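First the structure, in the form of structure tokens, and then the observations on it.
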Amino acid sequence: MKNKLRSFFENRADEAPLAPIMVDQKNFAGLNKATLSDPTSNLTVRIILTPAVKQGTVVALFWSKAGDEDNAQDITFTPNIISADDKKVAYKDILVDTAQLDIVDGNTTVFYTLATALGGNVEKSLSAEFLVKTTVPGGFDTDPATPNVNESLFAPDVNQKNVDKDNIGNVFATIKAYKNMTIGDKVTLSWAGVQDSIYEIKASDLNNPIVIPVSEGVIKKAGDYSEAIIRYEIRDTVNNWSLWSLSTMVSIDLEESIFTAPYAQEAVDSVITIDKLNQKDVHIIIPVYTGIKLGDIVTLKWSGAQLLPADMVHTLAGSEHKYGYVFIIPFSQIRNMGGETVTIYYDVNGKKSQKINLTINGNSATLGAPTAPQAKSGILDLNNVPATDNFLVQLDRNVNLVAEDLVTLYVSGTTSEGEYFDLFNLPHPVTAPEVGKILTIAIAQDKITMMAGGSLVITYTVTGKTSEDISLSYPLELMLLPLNNNLPAPTITEMVNPGILNPMDADANGAVHVRIGSYPNKARKDGIQCYWRGEVNYDPEDIITKNGVDDNFFIIPKDIVQQSIGGWIEVHYVVDDILGDEYVSNSLLFQVTEELPAPTVDQAVGNTITLGQVPASGATVTIPAGAKLKESDVVTLRWTGTGPTDSTEDIHQVTNIESGQPLTLTIKYDYIAASKGELITVDYIIRRANGGMQFFSPKNSYNVVSVPVSGKLKVMGARTSPGASYSFGNVNSKYITALSSDTNKYLDGAEWQYAGDSNWKPGARFRDVSPERVLRVRTANDSVTLSACNVAGNGVTVDPAFAVRRNNGHIIAWGSAALGGTISSTFLTLDDVVFVAAAETAFAALRSTGNVVSWGQAPYGAISDSIANLGDITQIAASGFAFAALRKNGSVVAWGGDATLGGVVPGGIASLTNITKVVGGERGFVAFLKTGGIVSWGALALPAEIQQFTDIIDVQSALGSFVALRKNNTVVGWGNVIPQIIAARTDIVELMASTNNSYVAKCSNGALVAWGGYGGVIPADIVGFTDIVDVVSTANTYIALRNNGTVVAWGNDTTVVNGIAAQAAMLDDIVQVCATGSAVAVLRKNGMVVTWGNSAYGGNSMSVQSLLTDVCALYSTSTAFLALTKDNRVVTWGDPTGGGDSSTVQPYIAEQLSYEMTPL
């Protein structure tokens, strides 16, 4: 492979070095005011390094007006030498101080030169040309006191001030000409929060009013309002943002809402100003509505912002039916919504009211918590901080500080004895050089050492120079370890896993025992005092030692353990020896948590139970082994619906045989049937034997349906793209989504079935484990059939290729010819291909005859005649550099790389005839057996202890390792050691994704766990999410899709992680995530696509954005993307030589590559 890449670049030796990449340009036409306005901020210019560029090469960088390169400005930066680290990542990022730049609006170019350190020839690169634009649509905001609103933008003029069913088809908004109006500006009209009406400025629009029609669909999507806020925003081609315009109020009454809208007592013209509340609560008034009566259940609901009050429910009583009702919203919740426009309405017994919009003016009190770089996982060990160093507190650059802002740190804490102190406030005026950077504030250690063994809470406020608004941050909470001394920390007898105490492991009385083992000079008549510090403090009775040999134990009683659940605990002891000297031990720090797993219903798919899948005997509920049931424990299983006919309890005493095992119990069919159409919950209670403690499990919720739901289908998301391109991560999404084509809402009762199967599986999302098979989706009145996966992309770091199976069974490819982008004329004549798989540098295709063909880089795409002539192959799989095929007789064959890469099947495995499926890893394969076990070959030998297992259900691969999921919800691995804290878990239900050197898995409570490098640590603000439904990855970064349609990311690639904030943070309708080596594309419910990341890897889709409509699925190589549309168009972008340019094959793929087949 290396020789092939080397020759690839040598063939281009006469060409100029590649143009630099302006990283801050992102997906836009150039650089905007926000990027360039602060002279202390840095631009990032990326130079792509070919193998020909040597370490020590000198780089010079130049900035000029387009067409005036001869007078280019020489940019000063350091270091200007290509380093070994630069060579490792194949690029060099240059940080440019914008203060030195001659910034003039207009087309601008940046280029660089390369010269050897010894003064050899100087090579000039190609130029990056982009637009510099610092004029903002709408001009200067004349009133900074109204955040996010630009008073220079007139309110839109809506022709219908009262929208109803008679005029809904004739609604439009007129927007006056605005300052700095420019061709390409995108004007987005927000109709009561629905932002689906977008208008792009044309040449004929300049200096003229524009008219934006508002469709019936948009109006119906927003719903009824007594006062709907209508406003607009403008973003130009470089993403300068106008802020929001002034607003127009419109009444909407489509007779879908039968109750009068609520109103906010403190609002003036639909605006609540936080400062004017004077920290008082807000009152939402529910008026006397039509048909009001005692017993009505009134629910107040909010939407439109990230931090919203929870739904509030009240049953009318007394005289409330005469005067209405008042919901009180605490000021603390209102304050957190500063700068937002929210929607409020209520429903009565399920029927909704009209809505109102409220704008909350003022700064939100939700600044991110500060960080402490010297702390790890919320624990600060001052023993590891040199006495001469300060304790450091940092504020992220996203706080958006400006010069002369006043940041004030507030530090408080609790000592090891449980005494609380407000320690000090530390004001810090922000200086100009600190703007746009991480702000670091130093605190002398002696100010916090008194808190060693206790805890610290650090918050900060930001007070603006020109405003009296004060923004408050979330707190940083730190546990401080005691200062070191001579005595070892205590241990707890019942602690099974380090750092976690599970009360279920307590003794029969619910108590735990603190053990004081050997310590230096332990002797008879030592006095030992024990200190338990946490949610509740406890000091057990002192112990006088009988000798210097025996262990000593302090009993922590049941009530103290119970009160400590959910908190962090610190335990230490103090020794008074016979001479009167006192010694303090190190601390034992741990968390007390019940960790009971939630029960599951075996017949459920996701959170849906279909009655047709439930046998006459009833539904099987499984309590996982993680409950650690013991003989004579009493388990109460609870099935809870809305009334007595669909609610029941089953009490069961655990037998000796059931001890430590998963427990299955049955809920009678009558209760399941009575739950039809409802949301039920399942949980259980464990009462430990011998009168011990009582524990409550988490709840699982399920929708019970009898038949598929009704609704017209819209199915979105890629078939799981086959292959193993591990050089750029596990890029494949695994889930397909069923939506209502009328409402764009998820269809939880849709049903899925592979062609040839008899059972249907319900759910809005479906994990596609057999992409080589046709997939059917149905509702009660609609059906869709999806083609088997017909797109495969491969890739390493440069120039990969796409290969596709057309509707007529022919194949075609494009991209790098060396990596399979060119197919032989003989293979082009084949018309019976059913499936294509991709390795990193080659492809293989399965024919309906049971034969296979293969092509790409030798030897990885070369297949022997003996395998090519086989006519009984049923499945093909790819590793990084080899292919494997499953035959009808249950045996496997392989080709491609040598034995260390998986291309040779060992004799012991080649003789097997009970193989059911093969999957690939980076350097080998894993085969599933009928017995439930697995075998593997290639670079990683399967350990003997794993060979014995017969309950393996899934396998995931990283670079140089495998992980397998067992039926008992544990994971095992080989190649790399699984951390003990992960191996001990008994609640892992799904392997989600992997990077080059880490894994992510989902637990039964929906939370994710990760381990390894390159993304193996989930950030604190993401680790608590329990609604992540899919995860994809690059080589070093994860991108996760949440059930609410938003995405989050973490890992090493900052262009991917930070790009979310600019491109996707506000999106809540994402259904698929797709990644290349350093870019991301997301598919929205409306069929549009949003991209970010490295433009060289497809992070900029502007050139094809107008074509990205009605998209159904996204696929990728390592450097390019492909979109399939509803009308069978194929759109590609990204690296032109890596599959991003499909112009030469468009005549053969347009309207010949379909996402859907003929309906059922």
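The values are calculated or read from the model by the stated rules, or taken from the named source; none is laboratory data. The structure displayed is predicted, hence computed values, not measured ones. With ideal geometry, Cβ positions are generated from the backbone for all residues, glycine too; neighbour counts draw on all protein chains shown.
Checked against the criterion of being farther than 12 Å from Tyr702 by Cβ and touching a Pro at 6+ places or on another chain (Cβ under 9 Å), the candidates Tyr671, Tyr684 yield just one match: Tyr684.
When Val132, Val214, Val136, Val149 are checked against the criterion of being closer than 19 Å to Glu340 by Cα, within 35 Å of the chain's Cα centre (by Cα) and surrounded by 13 or more Cβ atoms within 10 Å (Cβ to Cβ), a single residue qualifies: Val149.
Would you check if there is a residue in segment 114-129 being loosely packed, with under 15 Cβ neighbours inside 10 Å, within 30 Å of Gly184 (Cα to Cα) and in contact (Cβ under 8 Å) with a residue 12 or more places away in the chain? Yes, segment 114-129 contains at least one residue that is loosely packed, with under 15 Cβ neighbours inside 10 Å, within 30 Å of Gly184 (Cα to Cα) and in contact (Cβ under 8 Å) with a residue 12 or more places away in the chain. In summary, strands (runs of 3 or more DSSP E) completely within segment 1-75 and bearing 3 or more residues that are crowded, with 17+ Cβ neighbours inside 10 Å and modelled with pLDDT of 80 or more occur at 42-48, 58-65.
In segment 979-1005, what residues are under 22 Å from Gln591 (Cα atoms) and either outside any strand (DSSP E or B) or not assigned by TED's automatic domain parsing to the domain that holds Ser879 (or both)? Scanning segment 979-1005 gives Pro979, Gln980, Ile981, Ile982, Ala983, Ala984, Arg985, Thr986, Asp987, Ser1004, Asn1005. When segment 741-755 is limited to residues that are surrounded by 20 or more Cβ atoms within 10 Å (Cβ to Cβ) and among the small types (Gly, Ala, Ser), the one that is farthest from Val774 (Cα to Cα) turns out to be Gly749.
Conditions (1) surrounded by 15 or more Cβ atoms within 10 Å (Cβ to Cβ); (2) modelled with pLDDT of 90 or more; (3) in the same structural domain as Asp581 (by TED's automatic domain parsing); (4) touching a helix residue (DSSP H, G or I) at 6+ places or on another chain (Cβ under 6 Å), marked per residue:
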{"residue": "Pro503", "(1), (2), (3), (4)": "yes, no, yes, yes"}
{"residue": "Gly510", "(1), (2), (3), (4)": "yes, no, yes, yes"}
{"residue": "His513", "(1), (2), (3), (4)": "yes, yes, yes, no"}
{"residue": "Tyr519", "(1), (2), (3), (4)": "yes, no, yes, no"}
{"residue": "Lys525", "(1), (2), (3), (4)": "no, yes, yes, no"}
{"residue": "Tyr531", "(1), (2), (3), (4)": "yes, yes, yes, no"}
{"residue": "Gly534", "(1), (2), (3), (4)": "yes, no, yes, no"}
{"residue": "Ile544", "(1), (2), (3), (4)": "no, yes, yes, no"}
{"residue": "Asn547", "(1), (2), (3), (4)": "no, no, yes, no"}
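Residues that are touching a residue at least 40 places away in the same chain (Cβ under 8 Å) and surrounded by 18 or more Cβ atoms within 10 Å (Cβ to Cβ): which strands (runs of 3 or more DSSP E) entirely in segment 155-195 hold 2 or more of them? Hits in segment 155-195: 172-175, 186-191. Taken residue by residue, segment 80-93 has no member that is under 25 Å from Lys33 (Cα atoms), small (Gly, Ala, Ser) and not in a loop (DSSP other than H, G, I, E, B). Selection of segment 626-660 for residues being farther than 19 Å from Phe695 by Cβ and assigned to a helix (DSSP H, G or I) yields Pro644, Thr645, Asp646.
Give the residues of segment 869-880 that are modelled with pLDDT of 90 or more, closer than 14 Å to Phe843 by Cα and not polar (S, T, N, Q), sorted by residue number. Residues satisfying the conditions are Ile876, Ala877, Ala878. What do you reckon, is Ile274 buried (at least 21 other Cβ atoms within 10 Å of the Cβ), in contact (Cβ under 8 Å) with a residue 40 or more places away in the chain and in contact with a helix residue (DSSP H, G or I) (Cβ under 7 Å, 6 or more places away or on another chain)? Yes: the conditions hold for Ile274.
The residue of segment 264-290 that is modelled with the lowest pLDDT, among those that are closer than 18 Å to Glu340 by Cβ and of a type outside the set (A, V, I, L, M, F, W, C), is Asp275.
Selection within segment 495-545: residues that are hydrophobic (A, V, I, L, M, F, W, C) and outside any strand (DSSP E or B). The member of this set that is nearest to Ala689 (Cα to Cα) is Ala508. The single condition among (1) more than 12 Å from the chain's Cα centre (by Cα); (2) in a loop (DSSP other than H, G, I, E, B) that Val972 does not satisfy is (2).
With respect to Ala52, is the statement that it is farther than 24 Å from Thr1054 by Cβ, touching a helix residue (DSSP H, G or I) at 6+ places or on another chain (Cβ under 8 Å) and in contact (Cβ under 8 Å) with a residue 40 or more places away in the chain true? Spelling it out, Ala52 is indeed farther than 24 Å from Thr1054 by Cβ, touching a helix residue (DSSP H, G or I) at 6+ places or on another chain (Cβ under 8 Å) and in contact (Cβ under 8 Å) with a residue 40 or more places away in the chain.
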